[in-house]
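Down below is the structure, laid out as structure tokens.
The values are calculated or read from the model by the stated rules, or taken from the named source; none is laboratory data. Just so you know, these numbers come straight off a predicted model, no measurement behind them. FYI the Cβ positions are ideal-geometry reconstructions off the backbone, even for glycines, and counts take in every protein chain you see. Quick note on the areas: whole protein, heavy atoms, side chains included, nothing else; ligands and nucleic acids left out. Shrake-Rupley method; radii C 1.70, N 1.55, O 1.52, S 1.80 Å.
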Amino acid sequence: MTRRITLAILLTTWATLVAGGVVAYLTVRWALVAQLDHSLVSRAGTIPELSRPPTTARRADRPEGDSYVIRTADGRPVSPPAGGRAAGELRVVGAEFSGQSNGERRRVLTLAGSARLADGSNAPVTVVYQSSAAELDRLLDRLALTFGVFGVGAGLVTALAARVVSRAALRPLRETADVIGTIEANTLDRRIDAAKLPPEMTPVAGRLNEMLARIERAYAQRQQFLADASHELRTPVAALVTTAEVTLRRPREAGEYAARVETMLADARLLRELVERLMEQCRADALSHDEPQVETDLAPLLAQCADQAAALGLARGVTVARDWPTPCPAVTQIGRLRSVIQNLVANAVAHNRLDGSVELVCKSDNKELRIEVRDTGPGIAAEHLPHLFEPFYRVDKSRSHEAGHMGLGLALVKAHVAALRGTLRVESEVGKGTTFYLTISRTARPDHSP
């Protein structure tokens, strides 16, 4: 990048210097030629045939190489009149440079005027006056050489200065790149020092630091997830192995073997359920688990989820109230949305009080669906709310795996809602209950990025 900046500045500077040098050279050349022409006109005025009054200047007063020819309109040469004088001033009607056989250039002026001839008559005459342009050419050559040397020197100096300045300006970027290059899994806490960067790069540094913070947070959550998953899997596996080892220590009766196998089967079922939940959560975020969007009426889906929740609440006297428009059209992924609603209403039933109630509400407009799941349970303390959607997090630590509470339901809900490009928030008051608010677009395409 330093090389490109240096080259760009060098080319720009040289182009400017060349253009300025050419303009300056042409301006000076025009001025020098005009001065030479003025000098030649003055010299032509001292010609004896045209002087007024007759001059006593000798030919030697003019440069050695000057020459002239005076002719009348019919081409006759004019000779000096005895005591005659020119009538009228000389004016330039033509000017050019003429090359000679010896390589010398001469300046040729064609002048028009009038003169009194020997017979006493006035006649128009043409004067062709020539002089050597060698001095002018030498001056212009020196001028061109000066401009050329100055342009090349100024370009090189500019290139050197541009390289130094660009390297100094890009040094913070290189240092930032070095810092980014050293960030690994165990150094995700490093950040870019925006104070060392130019003001134009400060927003970029801020966005990079925000991205690093998100990566650090995601990596920490991943590590925590792996640790929690290992812990959750270890418990049923250890129980299964222990039961099998104890069973095989000595021969037992068939009934005792059957009881041991039942215990092992329960542990294996719990292990299978945990693995299936983990796989479902992984598939919820994966592109390969994507399903097409369809235009559908959500009223039957909501009724199905409410019926399932009501069946779960029969044993504890929990009722499910329903409130949604019929029909309730939307374009969405039915499988994801069903999983979200089922998990929310199942949680609302499971964590409710005896003879409590759950309310499933859906409101819609032209753009959004707003689904609310309210319960009359004991509520959730404020310190638990930020962690509700973390895998394996359980507010009630006393709940066992046998009860089916693994802390993965809301984590799965969060993954599905993110894929649907929706929003999910929760409000809770201890002693009164909890409400989940789900908002999704009725028409927008879900985000399928893993």
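Remark: the Ala34-Glu253 segment gains 65.8 nm on full extension, using 0.36 nm per residue and subtracting the alpha carbon distance.
Shown here for segment 182-269: trypsin sites (Lys or Arg not before Pro) in loop regions (DSSP other than H, G, I, E, B) with at most 12 other Cβ atoms within 10 Å, namely Arg249. Using a 1.4 Å probe over the heavy atoms of the protein chains, calculate the carbon and sulfur portion of the accessible area of segment 163-255 as a whole percent. About 60 percent, which is the carbon plus sulfur part of the accessible surface. Summed over the residues of segment 236-378 and divided among them, the accessible surface reaches 54 Å² per residue at a probe radius of 1.4 Å.
The gain in end-to-end length when the Ala19 to Leu156 segment is fully stretched comes to 47.7 nm, 0.36 nm per residue minus the alpha carbon separation.
Net charge of the neighbourhood of Ser364, taken over other residues with C-beta under 14 Å away and scored Lys/Arg +1, Asp/Glu -1, is -2.
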